[in-house]
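The values are calculated or read from the model by the stated rules, or taken from the named source; none is laboratory data. What you see is a predicted model, and the numbers here were worked out from it, not measured in a lab. Positions of Cβ are backbone-derived with ideal geometry, glycine not excepted, and every protein chain shown enters the neighbour counts.
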Amino acid sequence: MKVLFAVAEADPFAKTGGLGDVGGSLPLAVNQGGCLMTVIMPKYKKIPASLQESMVHIADFTVNLGWRKQGSVLWATEYQGVSYYFIDNEYYFYRDDIYGYDDDKERFAFFSQGVLESILYLKDDKPDILHCNDWHTALIPVMLREHYRDNSFYRGIKTLLTVHNIKHQGIFSKELLGDLLGMREDSLGARSLKFQNAINFFKGGLLTADVISTVSPSYAREIMQPEYGEGLEDIIKKRKDSLSGILNGIDYNKYNPYTDPALTAHYPSPGWKKKNKEELQRYLKLTVEEGVPLFAIVSRLVDQKGLDLLEPIMDEILSLDLQMVVLGTGEKKYEEMFHHFACKYPSKLAAMFIFHEELARKIYGGADLLLMPSCFEPCGLAQMMAMRYGTIPLVRETGGLKDSIIPFDPDTGFGNGFTFKSYKPEELLSAMKKAVTIYRDQKAWTHLQERAMETDFSWAKSAQKYIDLYQDIMRRE
Ligand code: GLC
């Protein structure tokens with residue numbers, strides 16, 4: 001069985017968030033699980049030069065996009081034993097960023113059509129399954145049905161579409177249906193895409209993929225509700241029988257407290273956490289003090305992450321005996337908010353508005369707690385990364401956070417983190433106070449850290465679930 005994994009980002013080639021983590025780690029795990037998976041993504045300007053240099057030319061071909069005929073080059077390389085293919089078109093992808101352009105819909109429509117064309121040139125035989133991810137590649141199953149239905153080469157290829165985040169859908173004006181996608185108003189593909197008075201890539205993919213999945217069992221249930229479905233809840237409900245939720249894993253080689261070069265001292269050497277914390281406090285110019293709990297936020301600074309819950313309680317939080325570090329980039333309003341409080345409480349709060357992987361791991365290594373009060377969270381990976389380094393997550397019970405964190409009960413010693421239910425500042429505050437109290441109980445805290453570090457978030461289990469799902473897809477008519 002051969003699977004082609006089509007994705008907009010994959011670490012270490014290109015990554016802006018969790019999708020890139022999964023793009024970089026799931027394929028390796030699936031291959032290790034005995035199923036051949038190859039990755040295909042756009043060839044961005046951003047891909048590090050050393051990785052670009054290793055690419056070999058595979059083919060030149062043309063991608064038809066409505067009336068456009070776009071030249072395209074297919075490149076390939078191997079990374080950690082996994083084959084990667086890259087679709088190259090300078091006009092679309094030689095830009096400074098991966099997303100954020102007015103013509104993103106056209107760029108990813110091109111990529112999706114390019115994936116289908118490139119199958120003709122792949123070195124291995126044609127894939128049995130196209131595994132698509134998020135709105136960027138959601139057009140693949142639509143185009144496969146619409147444009148390749150009568151092409152015998154493509155017959156029998158199955159599709160899986162995984163939802164990493166239903167908030168971003170790829171919505172554009174329906175005038176582009178013919179212009180960009182070459183579809184007639186009443187065609188099957190066009191009907192699947194139509195959404196209110198526009199066209200919606202994600203909707204089309206969710207209706208036409210053979211099977212759909214998302215990145216945690218809880219989020220699979222949530223997106224069938226209006227509160228989380230972002231307008232697509234009824235579409236997803238329709239596909240209920242073809243929907244599954246598989247929790248992501250993380251790369252245990254990269255996030256490894258035994259060997260991580262970002263750490264000052266490694267697990268399990270005596271006092272390793274204390275040394276990392278001291279080093280981190282010094283680096284952040286916070287008061288160097290062992291007994292003060294250090295909370296971390298390592299996140300994209302966007303609405304999804306629940307940061308607006310913090311604003312009204314920041315003064316109260318920072319009047320407690322604790323410290324806080326924030327690392328991430330995103331919306332101005334959040335950067336301004338944290339900047340304001342960092343100026344007000346310089347010895348207690350440090351905020352850095354950059355995307356910095358090594359620093360993130362240094363923080364996981366030195367902090368005591370990780371805050372993730374997300375409004376919604378399809379899976380969430382930071383909580384898993386933090387736990388690997390004995391840093392205890394405090395999360396809102398939603399999506400993958402609910403599926404990965406069991407609230408700690410000091411009486412039974414059961415659980416691996418702290419949680420709160422309602423999306424309310426006072427609930428977050430009281431969970432933080434509870435965490436601080438338990439932190440002061442050395443014995444309970446050590447036990448909790450052990451529980452957290454023992455929780456298995458390696459990919460092996462989840463990769464096997466994907467392989468089972470692929471097998472299930474192959475059995476479908
Ligand atoms: C998106 C989601 C996040 C998930 C990641 C990988 O970034 O917001 O919750 O962990 O995709 O699936």
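Tabulated results
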read-out: Looking only at the stretch 319-377, and only at residues there that are closer than 30 Å to Arg221 by Cβ and in contact with a Gly (Cβ under 8 Å, 6 or more places away or on another chain), the one that is surrounded by the most Cβ atoms within 10 Å (Cβ to Cβ); value: Glu377
read-out: Residue check, Ser213 part of a helix (DSSP H, G or I), assigned by TED's automatic domain parsing to the domain that holds Asp104 and among the hydroxyl-bearing types (Ser, Thr, Tyr); value: no
read-out: Residue within the stretch 290-301 that is within 20 Å of the chain's Cα centre (by Cα), modelled with pLDDT of 95 or more and more than 21 Å from Met387 (Cβ to Cβ) present; value: yes
read-out: Condition met for Lys174 (modelled with pLDDT under 95 and surrounded by fewer than 20 Cβ atoms within 10 Å (Cβ to Cβ)); value: yes
read-out: Residue identified as farther than 16 Å from Leu4 by Cβ and of a type in the set (Gly, Ala, Ser) among Ser112, Ser72; value: Ser72
read-out: Considering residues of the stretch 70-111 that are of a type in the set (Gly, Ala, Ser) and farther than 20 Å from Gly17 by Cβ only, the residue surrounded by the most Cβ atoms within 10 Å (Cβ to Cβ); value: Ala109
read-out: Enumerated strands (runs of 3 or more DSSP E) restricted to the stretch 134-201, each holding at least 1 residues that are within 16 Å of the ligand (Cβ to nearest atom); value: 158-163
read-out: Subset of the stretch 32-49 (residues that are more than 20 Å from the chain's Cα centre (by Cα), in contact (Cβ under 8 Å) with a residue 24 or more places away in the chain and not in a strand (DSSP E or B)); value: Gln32, Gly33, Gly34, Cys35, Lys45, Pro48
read-out: Yes/no for Ser216 being under 18 Å from Cys132 (Cα atoms), within 14 Å of the ligand (Cβ to nearest atom) and touching a Ser or Thr at 6+ places or on another chain (Cβ under 9 Å); value: yes
read-out: Failed criterion for Leu28 (all others in (1) farther than 21 Å from Gly249 by Cβ; (2) within 16 Å of the ligand (Cβ to nearest atom); (3) hydrophobic (A, V, I, L, M, F, W, C) hold); value: (1)
read-out: Residue match in the stretch 244-259 (condition: β-branched (Val, Ile, Thr) and under 16 Å from the mean Cα position of the chain (by Cα)); value: yes
read-out: Set Thr419, Thr398, Thr391: member being free of Cβ contacts under 8 Å to residues at least 60 places away in the same chain, surrounded by 18 or more Cβ atoms within 10 Å (Cβ to Cβ), touching an Asp or Glu at 6+ places or on another chain (Cβ under 9 Å) and not acidic (Asp, Glu); value: Thr419
read-out: Those strands (runs of 3 or more DSSP E) lying entirely in the stretch 353-455 with at least 2 residues within 16 Å of the ligand (Cβ to nearest atom), in the same structural domain as Leu307 (by TED's automatic domain parsing) and under 18 Å from the mean Cα position of the chain (by Cα); value: 369-372, 392-396
